[in-house]
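J.: Before we start, here is the structure in question, set down as structure tokens.
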Amino acid sequence: MAHTLPPLPYAYNALEPFIDEQTMKLHHDKHHQTYVDKLNAAVKGTPFENTPVDEIMRKLDTVPDSIKTAVRNHGGGHSNHTFFWNILAKGTNISKHCEGALKKNFGSFDTFKEEFTNSTNTVFGSGWAWLVSTNGKLEIITTPNQDSPLSTGKVPLIGIDVWEHAYYLKYQNKRAEYIEAFWNVVNWNEVEKLMKNCG
Ligand code: MN3
């Protein structure tokens with residue numbers, strides 16, 4: 001079965017005023033759909049047509065060279081955006097467990113937030129910043145374009161899309177304001193679940 005666009009797990013306006021309805025509509029229905037369509041075009045007639053996208057990204061080095069770049073970009077786009085929608089929600093609180101893990105790895109929640117914000121601000125051009133787990137150790141990384149942390153053996157726990165399409169309608173060139181607003185829509189319940197799964 002071909003890859004399909006998962007429905008947004010909430011209404012387009014659910015993250016207002018931090019992420020606006022119009023951006024969510026375009027971002028999900030147009031940008032994400034395009035990644036899905038182009039991934040399908042690339043993997044048509046190969047076993048990767050029926051492989052869950054996260055699994056494809058984990059074994060990207062087994063993808064034939066002729067389609068590897070397309071799969072890296074569009075499979076990455078599909079995987080990253082599916083992840084992104086799920087870690088967004090308004091009004092959740094960070095759990096004690098989650099806060100403890102961040103404290104252990106970064107010294108304090110505030111230090112983590114500052115380091116994550118700084119890393120996100122320094123992404124040059126289009127890309128993502130992530131909180132990932134690497135064999136249980138938490139770290140902040142950035143990836144260019146649509147590269148997936150899964151392809152380097154990391155488990156994403158938080159991710160922020162800093163492509164201009166993610167914020168330009170509302171924030172224009174003010175990426176720092178978008179990143180500041182992002183902290184209001186981190187779905188800590190989901191982050192907690194992901195953290196527990198990776199130990
Ligand atoms: Mn995007």
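The values are calculated or read from the model by the stated rules, or taken from the named source; none is laboratory data. Keep in mind it's a predicted model, so treat the numbers as computed, not measured. Note that we place each Cβ from the backbone using ideal geometry, even for glycine, and neighbour counts take in every protein chain shown. Areas reflect the complete protein model, heavy atoms only, side chains present, ligands, DNA and RNA absent. Shrake-Rupley method; radii C 1.70, N 1.55, O 1.52, S 1.80 Å.
J.: Keeping every protein chain in place, order Ser119, Ser133 by accessible area at 1.4 Å, biggest value first, i.e. largest first.
T.: Working: Ser119 30, Ser133 5 Å².
Largest accessible area first, the list is Ser119, Ser133.
J.: In addition: To the nearest 10 square angstrom, how much accessible area does Lys137 have with a 1.4 angstrom probe?
T.: Per-residue accessible area (Lys137): approximately 120 Å².
J.: Segment 92-199: which chymotrypsin sites (Phe, Trp or Tyr not before Pro) are DSSP loop and have at most 16 other beta-carbon atoms within 10 angstrom?
T.: Phe124, Trp183
J.: Amide H to amide H under 5 Å from Gly159: which residues, 5+ apart in sequence or cross-chain, H placed 1.01 Å off N in plane?
T.: Leu131
J.: Using just the helices of the chain, give the 222 nm mean residue ellipticity in deg cm²/dmol: DSSP H runs with n ≥ 4 each add -39,500 (n - 2.57), and the total is spread over all residues, rounded to 500.
T.: Values: 10 runs with 85 residues, N = 199.
Mean residue ellipticity at 222 nm (helix-derived): -12000 deg cm²/dmol.
J.: Got a number for carbon plus sulfur as a percent of the chain's accessible area, 1.4 Å probe? If you can, show how the numbers build up before the last one.
T.: Working: 4970 of 9700 Å².
Within the chain, the accessible surface is 51 percent carbon and sulfur.
J.: Work out, step by step, the length gained on full extension between Glu139 and Glu16: first 0.36 nm times the residue separation, then minus their alpha carbon distance; give nm to one decimal.
T.: Details: separation 123, 0.36 × 123 = 44.28 nm, distance 2.90 nm.
Taking 0.36 nm per residue and subtracting the Cα distance, the gain is 41.4 nm.
J.: Something else: Rounding to the nearest 10 and keeping the result within 0 to 90°, find how far the Cα-based axis of helix 188-197 lies from the longest principal axis of the chain.
T.: It works out to around 70 degrees.
J.: Cross-link partners among lysines for Lys59, C-alpha distance below 28 Å, same-chain residues fewer than 8 apart left out?
T.: Partners within reach: Lys30, Lys38, Lys44, Lys68, Lys137, Lys154, Lys193, Lys196.
J.: Let me ask something else. Remind me, what semi-axes does the chain give for its equivalent ellipsoid, largest first in whole Å, using sqrt of 5 times each Cα gyration tensor eigenvalue? Don't jump to the answer; show the numbers that get you there.
T.: Values: eigenvalues 140, 84, 47 Å².
Gyration-tensor ellipsoid for the chain: 26, 20, 15 Å.
J.: Let me ask something else about it. Whole number in Å², please: accessible area per residue of the chain, 1.4 Å probe, ligands, DNA and RNA not counted. Present the calculation step by step, with values, prior to reporting the outcome.
T.: On the way: 9700 Å² over 199 residues.
Here the per-residue accessible area is 49 Å².
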